[in-house]
1. Using Cα positions and a limit of under 17 Å, work out the aspartates and glutamates in reach of LYS571, with same-chain residues fewer than 8 apart set aside.
2. How far is it, in nm, from the label point at VAL324 to the one at GLN54 when both lie 7 Å from their Cα along the line to the Cβ?
3. Regarding segment 218-277, what is the average projected area of its C-alpha convex hull, in nm²?
4. Under a 5 Å amide H to amide H cut-off, with H placed in plane at 1.01 Å, what residues pair with LEU81 once short-range neighbours are removed?
5. Apply the Debye scattering formula to the chain, with a single equal point scatterer on each alpha-carbon and no solvent, then give log10 I(q)/I(0) at q = 0.06 Å⁻¹.
6. If you average the alpha carbon positions of segment 661-678 and of segment 599-615, how far apart do those two centres end up, in angstrom?
7. Sorted by average packing, counted as other Cβ atoms within 10 angstrom per residue and highest first, what order do 427-440, 319-332, 282-295, 610-623 take?
8. Near the amide H of LEU174, under 5 Å away, which other amide H atoms are found, from residues 5 or more places off or on another chain, if H is placed in the peptide plane?
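We did not get these values from a lab; they are worked out from the coordinates using the rules stated. A quick note: this is a predicted structure, and the numbers were derived from the prediction, not measured. Note: ideal-geometry Cβ built from the backbone for every residue, glycine included; neighbour counts use all protein chains shown.
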Amino acid sequence: MARHVARRDPRAHWILLLLGLIVLLAALSFNGLVSHVGGGSGPSTAPAAPAPPQLTTGGPVLRLDGPTPVARRLPARTLALTFDDGPDPRWTPQILDVLRRHHAHATFFVVGARVDEHPELVRRILAEGHEIGSHTFTHADLGGLPAWRARTELSWTRNAVAAATGREVTLLRLPFSSTTNSLSQPQYQALRDAAGSGHLGVLADRDTRDWQRPGASAIVQAAIPPGGGGAVVLMHDGGGDRSQTVAALDQLLPRLSRSGYRFTTVSAGIGEPGSTVPAGLGSRLSGTALRWAQAGAGGLASAMNLLLGVALVLGVARLAVQVVCARRHVRRVRRPRRGPEVTAPVSVIVPAYNEAANIAATVRSLVASAYPALEVVVVDDGSTDGTADIVERLGLRGVRVIRQANAGKPAALNTGIRAARANLLVLVDGDTVFQPDTVYRLVQGFADPAVGAISGNTKVANRRRLLGRWQHLEYVIGFNLDRRMYDVLECMPTIPGAIGAFRREVLLAVGGVPADTLAEDTDLTMQVLRAGWRVSYEERAIAWTEVPASLRQLWRQRYRWCYGTLQAMWKHRHALRESGAGGKLGRRGLPYLTVFQLVLPLTAPAVDVFALYGLLFLPWSTLVVAWLGLLLLQAGTAGYALRLDRERFGPLWALPLQQLVYRQVMYLVVVQSVVTAVIGNRLRWQRMVRTGEAAALAGVRPGAPVNAAGRGGRPY
């Protein structure tokens, strides 16, 4: 019911948001892929058929690019020490130091992702005369991967090494491979495929199984070939604690040197020149871009971890503050009220636009109020469904109907304020049903002359369906706990349109109900605070209201609320510099709204993507425990809030589903509202379709004629 004319709603931002979330998930997944790199040389996957016999009984160096496989061995008393899973910033330098101290050379099969993290170590390996080979980019079992993924693993590793050193690797050792007699058919096929891109396969004669940490002495014994033969020895410089490997190496080198062994690289051991070749410009550029992407993905993951941590801390802190303030509010409410009983005349103003479904119940509930002096002013704002006629047919004493052309809810309220006879005014939505004691309880706070306005307790009438239950929980847990907190902190930003009481002098002083924002109730409440008045909350003044019954209606309502709240926050931003009640709004209420109703909801889609990333890459047990812990904390808070509002605990079963569905809808509403505000679109009023469930609560059939004159209040 408003005059705002809207331009076409923005749509492109949803595509941008979706693309952004996809990019975020891709970046996080890439980081998960490269940061959860395993280690070791244990069995690959399920048991598989063995490779051809000429390979399982042949040498460990395999050339498979020809029609006939060629397997080569190292000569006697020649040892090619090989180290997998590095480079590691702790263990690789220690191993290099031991090798240098004993004048030995070795071959390092590096993991591409770790090369990107520590390119300086790869350069040191080459600078000290050692050899490097590929161990895939993410320590992946190539024998169990599709061909495209296997090619990517090898290509990315070559590019990573090229960017770090200017050289490309040709040696390849498959992760989870070991000695020749353990080579499986899938691994053999993976080596055959890799040979097509110029890779030379390297297995081992001696597997020390140092990744199992059997002790330095056991590692030494496992590395020594029998009978003075030559061997390729498998060890590790990354993937875990390699202190035993370092100690074993320091024992093995002098021991075998005294026995006439020489320690060399794999290529030198078989009489071939160095295995690395100069890298082309394309490989170097691709590797550099890959390193930047990996670093960016890692930084993004760290930022998301920080964001999630901050969000969790703020969320827990918010719950704690809400509960503490609620307990203080309860003690305050239970104290005997000071000051005289308030019985001054009250005018209830009901702006109505096409409220035929509920208006009869609303008016009947008002005139049935147990209050000594009450009038009801219904302002029909150009309704087309006979709203005013329904009220007039009721024939209730103390009820006036004012008709006007459609001008919007603020204009209707201001019309009612001008026509009202009392100095205490209660503003009520046309779909709201009061209890008999609501008006009385609502206005008792005016016994304190510092109080300029009072918020009542809005409850959901149509809560039988799941969406209604979710909103019921939101009203009780979010809105009402927040209102108790705001009351204690004296920074109430919103008196809901469904139920609020004001002094006439306050409304006149602030210029009436403002019409330049869509959240006129929030705007008005902030103006009252900035005028120096206190705004309080009366939880016992209960009003039953009808909430949206479909997601579409919910979206439209909350879109308007959120957009209007943003308008009001911006309009009253100067309260930050004010003193008194306005300063409390500016330094308490506005920051709270900014953090919990703007910033955190805007980041929520990214947090949800991070949760999906966690499902893919983190232990499920950890995630389940964390989620259950947060859910139990929320359930405990919800139970406390329900008890404070004297509500049953039954709706708590809908809380987990609310976190999975309803929460996301509310966050997307914030995104839409912010985008609308940023691009300068003007949002029109989004009116909710009434179903009459609030009327059903009061036992009144919508539009039914009522002949009784009503009871309770004395008309004046």
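1. ASP516, GLU520, ASP521, ASP523
2. 7.9
3. On the way: hull surface 20.7 nm².
Computed as one quarter of the Cα hull surface, the answer is 5.2 nm².
4. Excluding prolines and chain starts, which carry no amide H, the hits are THR107, VAL233, THR264.
5. -0.54
6. 14
7. For the peptides 427-440, 319-332, 282-295, 610-623, the packing ranking is 427-440, 282-295, 319-332, 610-623.
8. VAL202
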